[in-house]
Amino acid sequence: MAAEPRPGRLDPTGLALLLATVVGWGLNWPAMKLLLPEVPPFSIRGISATVGVLLLAAMALRRGEALAVPARVFPRLALASALNVTAWMGLASFALLWLGAGEATIVCYTVPLWATFFAYALLGERITALRLLALAMGLVGLSVLVLGNGVQAGVEKLPGVALALAAAILFSLGTVVTKRWPVPMPPAALVAWQTGLGCFPLLIGALVFDRWAVEEVSARSWLLLLYGGAVPLGLSYLAWFAALKRLPASAAAAGTLLTPVVGVVTAAIFLGEPLGAREVLALSLTIGGVVLAIRG
């Protein structure tokens, strides 16, 4: 069991695990954007999820975690899977058809802003003036992101923004629902089940709707698909749970704000996406709003 960090000092191992988590998650956004010309969205998530589920299940067994799901908690598990995985992964993937990887990352990581209202409705947490200010900052940041290059350019991005916002809102609902009605299962087993159940509809979607030439997929794309399953869906989640054991929840939550930063910067490096005043201002406003939401 990890030792408790001394007051005023964050556990170095916990910080390293948190950094590994946000880097793994952040890099997945440009990776998915690179995949889209060769692999359709449903298939991207379906193939990566299969890799991730197998890896997580193997790790759960190695750690001695039971994979059996108690019948009484299965409805909670199914609901959490639909909100935290099906909606999040499916909608966010399709948003990339209209948005750059950096733009999609910024919109999707507004989750804490929307969680404020669900926490009020389901947990009785009050909505403070600070949280209202956070929401206003986040909305201004999104406006800068969408309209900063002109109204016409913004209108063209609206389908992607709508999908990314829906992903963020439904994921925030899933987060609050899980807090209200937790699923009592070990970490690796829980993530394996959530990912498997949540991605099953996406696999069905791939079989029904996706048409792509498997033999024409490049070696780079196959490696990116493996990365999407092994790292963001597998190792990063395990690192996240390990970090939560060593760090205060507020510090861990604030640390995840590095994820959109990693996504935006790496999208500029690997995809040549713009990283100018508009992107920096939008990122600063939305992250500032999220920080206030977490503190408020």
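The values are calculated or read from the model by the stated rules, or taken from the named source; none is laboratory data. Predicted, not measured: the structure shown is a model, and the values here were computed from it. Using ideal geometry, Cβ is built from the backbone for each residue, glycine included, and neighbour counts are taken over all protein chains shown.
Filtered by the rule that a residue be without any contact (Cβ under 8 Å) to a residue 60 or more places away in the chain, over 27 Å from M59 (Cβ atoms) and among the β-branched types (V, I, T), region 172-213 gives a lone residue, V208. Among the numbered conditions (1) within 12 Å of the chain's Cα centre (by Cα); (2) on the phi > 0 side of the Ramachandran plot, the only one that G124 does not meet is (1).
Does L190 fit the bill of being out of contact with any His (no Cβ under 7 Å at 6 or more places or on another chain) and buried (at least 20 other Cβ atoms within 10 Å of the Cβ)? For L190, the condition - out of contact with any His (no Cβ under 7 Å at 6 or more places or on another chain) and buried (at least 20 other Cβ atoms within 10 Å of the Cβ) - is met. A count restricted to region 201-219 and to residues that are surrounded by 12 or more Cβ atoms within 10 Å (Cβ to Cβ), part of a helix (DSSP H, G or I) and either basic (K, R) or out of contact with any helix residue (DSSP H, G or I) (no Cβ under 8 Å at 6 or more places or on another chain) (or both) stands at 1.
Which one is modelled with the lowest pLDDT, of the residues in region 107-156 that are assigned to a helix (DSSP H, G or I), hydroxyl-bearing (S, T, Y) and surrounded by fewer than 21 Cβ atoms within 10 Å (Cβ to Cβ)?
Step one: list which residues in region 107-156 are assigned to a helix (DSSP H, G or I), which gives 107-108, 111-123, 129-147, 151-156.
Still in the running and hydroxyl-bearing (S, T, Y): 116, 120, 143.
This time we only want the ones that are surrounded by fewer than 21 Cβ atoms within 10 Å (Cβ to Cβ), so: 120, 143.
Working: Y120: 87, S143: 82.
Per the stated criteria, the residue is S143.
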